[in-house]
Amino acid sequence: MKKLLSASLMCADLMNMRNSISELEKAGIDYLHIDIMDGSFVPNITLGFDFVNSVKKVTDIPLDIHMMVNEPSRFIDRMELGENDIVCVHYESDIHIHRTLAQIKEKGIKAGLAVNPQTPLESFEYLTDYIDMALVMTVSPGFAGQKLFLGAERKTKEARQLLDSLGCENVPIEVDGNISLENGQKLSRAGADIFVLGTSSLFLKDKSITEAASDFRAAL
Ligand code: DX5
Ligand code: ZN
């Protein structure tokens, strides 16, 4: 599967977002990753639905919405998304997460399922009919600038093996959290397909977005 880059906008220059998005377009970024947090599922609050809808109006880059919120079904209708966009919800965020995935699919939007570091991969097993992407969190979600958890590479490899064993060879694995060049290389070899790029590799003090994206691609 093609390796794709998903830029984490919570790590971009929040005071210069329009220009950052233009540079991300020039850099050929494949997705814009927008982290939605409720301060309860994760102890942080970042970007919101008005931001999502504003971004949607100014770019054709597909959106990769990462819902770190409890009971995300309450909010799916707040976003004006299309068939190329993904809404990714956490397995841990609702006891009826199957219903939420079905709700996203019924709207014609791609659905992703995310698991936190400690959540077993079996969580994907009975939901593969409802997912277009599997998000293996490589940090405990909620903050940029963290360090990869120690089992990330093994978990990514086993996620690929599990999905392939379930006939889901075409379901891409996204990894999110401390995706540096070195970690990106390791996780790519382990089977990751979509890389959420934030402070570890894309939004850097000493490199432009275009240079950083090109360096990341070259490292894969
Ligand atoms: C973590 C966020 C990401 C990412 C940020 O919850 O979903 O946006 O970690 O990138 P890094 O980890 O490189 O700062
Ligand atoms: Zn994220």
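The values are calculated or read from the model by the stated rules, or taken from the named source; none is laboratory data. Since the model is a prediction, treat every value here as computed from it, not as a measurement. Using ideal geometry, Cβ is built from the backbone for each residue, glycine included, and neighbour counts are taken over all protein chains shown. Surface areas here come from the heavy atoms of the whole protein model, side chains and all, with no ligands, DNA or RNA. Shrake-Rupley method; radii C 1.70, N 1.55, O 1.52, S 1.80 Å.
Given a 1.4 angstrom probe, what's the average accessible area per residue across the chain, in square angstrom?
45 Å²
Work out the length of the dipole vector of the stretch 1-145 about its Cα centre, built from +1 on the beta-carbon of each Lys and Arg and -1 on the beta-carbon of each Asp and Glu, and round it to the nearest 20 debye.
220 debye
Which residues in the stretch 163-204 place their backbone N less than 15 Å from a point set 7 Å from the Cα of Lys105 along the Cα-to-Cβ direction?
The answer is 167-172.
How far, in nm, would the chain grow between Ser214 and Glu23 when pulled straight, counting 0.36 nm per residue and subtracting the alpha carbon separation?
Working: separation 191, 0.36 × 191 = 68.76 nm, distance 1.24 nm.
So the chain would gain 67.5 nm between Ser214 and Glu23.
Once you put a point 7 Å from the Cα of Asp164 and another 7 Å from the Cα of Lys2, both along the Cβ direction, what distance in nm separates them?
Here the answer is 2.2 nm between the modelled labels.
Considering amide H positions built from the backbone, and no H for Pro or chain starts, which residues 5 or more places from Ile194, or on another chain, come under 5 Å of its amide H?
Those qualifying (amide H under 5 Å, at least 5 residues apart or on another chain) are Leu4, Ile173, Glu174, Val175.
For the stretch 55-101, take every pair of Cα atoms, bin their distances at 5 Å starting from 0, and report each bin as a whole percent.
P(r) over the stretch 55-101, rounded to whole percents: 5, 21, 31, 20, 14, 7, 2, 0.
For the stretch 39-96, what % of the accessible area comes from carbon and sulfur atoms, probe 1.4 Å?
The C+S portion of the solvent-accessible surface of the stretch 39-96 is 46 percent.
In the neighborhood of Leu204, defined by Cβ-to-Cβ distances under 12 Å, what is the net charge if each Lys or Arg adds +1 and each Asp or Glu adds -1?
Value of the local net charge: -2.
Take the residue pairs Lys3/Lys157; Lys157/Lys186; Lys3/Lys107; Lys3/Lys147 and return only those whose Cα atoms are more than 18 Å apart.
Lys3/Lys107; Lys3/Lys147
Once the cut-off is 29 Å, how many percent of the Cα-Cα pairs in the stretch 4-219 end up in the long-distance tail?
Working: 4102 of 23220 pairs.
I get 18 percent for the Cα pairs in the stretch 4-219 exceeding 29 Å.
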